[in-house]
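The values are calculated or read from the model by the stated rules, or taken from the named source; none is laboratory data. All values derive from a computational prediction rather than experimental measurement. Virtual Cβ from ideal backbone geometry, glycine too; neighbours counted across all protein chains shown.
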Amino acid sequence: MSFEPLISDFYGFEDKLSDREKETITALRAFVDAEVRPLLTDHWARAEFFPRSVVDGLAALGVFGMLWEETRRFDNSAVFRGWVALELARADASLATLVGMQNGLVMGSIGVAGSSEQRSKWLPRFASGELLGAFGLTEPLSGSDSAQGLRTTAARDGDGWVLNGAKRWIGNGTVSDVTVIWAKSAEDGQVKGFLVPTSAPGYTARKIENKQSLRIVQNADITLEDVRVPESHRLQNANSFRETAAVLRLTRADVAWAAVGNSIGAYEAAVAYAGERIQFGKAIGGHQLIQDLLARSLGNITASIALVTRVSEMLDEGTQRDEHASLAKAFTTSRMRETVAWCRELFGGNGILLDYDVARYFADAEAIYSYEGTREMNSLIVGRSITGTNAFA
Ligand SMILES: Cc1cc2nc3c(=O)[nH]c(=O)nc-3n(C[C@H](O)[C@H](O)[C@H](O)COP(=O)(O)OP(=O)(O)OC[C@H]3O[C@@H](n4cnc5c(N)ncnc54)[C@H](O)[C@@H]3O)c2cc1C
């Protein structure tokens, strides 16, 4: 199977990938087309999680273990990991979220804040898909202000810890085997991270119903009532919110890539529809105003690919700072919102039917826009860098 450049990669940015990276993208695309796309409409409509075969297939392709030397198949670049996020979201944003959660937030927490023993013990089990993870930071009363507002507590008890509190919006929360819980230590008031088996007594996860975006992802309200974990489950190098922020920094650019992928999914559906739908005696793609919608969408996509490519290169070069990833997330998610709206508009009435895919991209854009830092939060991070003034509070 040879590598096929995307029609939506107008300036050919995929050429930056190595042959080995292109091979992996090609295999991933073939798997997603054959095994995942046929499920999407039905699973989205029923708000049902992917079948186990999808998790196993992704694990077999190596996309859960791309970040760390303990688990990665080859020495890949951040740009490659971005293209993986884009390629997954191009099919479905819930799929990209599943991988972003496992490879990024969960394994990222262990890679950034775990000891070398914890890394060798846990990372391979997540990479193989034996364990599915979730990342529990947000709480019912603390979203954007989680750096200072966490209320979940961790109290030292003999050679272990007792956790109490509540978490909200936790993706994969009802299907995970282990959830990374961020809690404030009763001892020193600092945020610490814990690997909490979801079978632990006192741990309860309840699916958040009636979600109208990313419906395949199962988001949960989690309660922790005297949940005991041994000291060996505390991430040994997580001593303050600094480490939590380091995990978010590692993964935020990938969300920007997923936003571009979600835009591309809508755009490619729109290009196909423009060629098929006949009005006034010709395919609607032949009407000037429809071409304008497509050209504007492609402009957004192309500018966004250029931006995320550079921000990922900066990660590999060691020059990426918080504000760089934040600008990428704020900019690409804003462009995504415009793009999916233009693409949905191009479908007329069919644009609100799940059967034509574009409605799914349109709805899923809203979750990507808000999670892992809203546009406002990311703008404030950029604004602080521009002006030197912290305007959060
Ligand atoms: C689908 C989905 C999946 C998610 N998955 C996870 C997950 O797996 N794990 C996890 O821990 N969390 C997860 N989240 C939570 C997500 O990160 C939060 O929703 C997000 O950080 C925003 O918090 P909030 O929803 O509480 O909004 P709030 O913080 O209440 O914000 C409400 C509004 O006020 C704005 N605002 C807040 N403060 C300011 C300010 N100082 N200045 C200007 N504007 C401000 C915000 O930008 C927003 O527009 C998920 C959320 C969603 C929707």
Among the numbered criteria (1) in a strand (DSSP E or B); (2) touching an Asp or Glu at 6+ places or on another chain (Cβ under 8 Å); (3) in contact (Cβ under 8 Å) with a residue 60 or more places away in the chain, which one does Trp182 miss?
(2)
Answer yes or no: is there a residue in region 166-187 that is more than 30 Å from Ser53 (Cα to Cα), modelled with pLDDT under 95 and not polar (S, T, N, Q).
yes
How many residues does region 195-207 hold that are surrounded by fewer than 17 Cβ atoms within 10 Å (Cβ to Cβ), of a type outside the set (Gly, Ala, Ser) and either outside any strand (DSSP E or B) or within 16 Å of the ligand (Cβ to nearest atom) (or both)?
3
Confirm whether Phe347 is crowded, with 21+ Cβ neighbours inside 10 Å and either among the charged types (D, E, K, R) or within 16 Å of the ligand (Cβ to nearest atom) (or both).
no
Note: among Gly100, Gly136, just one is of a type outside the set (A, V, I, L, M, F, W, C), within 16 Å of the ligand (Cβ to nearest atom) and closer than 30 Å to Ile264 by Cβ, namely Gly100
So Thr332 ticks every box in (1) within 20 Å of Gly100 (Cα to Cα); (2) within 12 Å of the ligand (Cβ to nearest atom) but one. Which box is left unticked?
(2)
Return a yes/no flag: does region 381-389 have any residue that is surrounded by 16 or more Cβ atoms within 10 Å (Cβ to Cβ), within 16 Å of the ligand (Cβ to nearest atom) and of a type in the set (Lys, Arg).
yes
Here are the criteria: (1) crowded, with 18+ Cβ neighbours inside 10 Å; (2) in contact (Cβ under 8 Å) with a residue 60 or more places away in the chain; (3) near the ligand (Cβ under 9 Å from one of its atoms). Tell me which single one Ile216 does not satisfy.
(3)
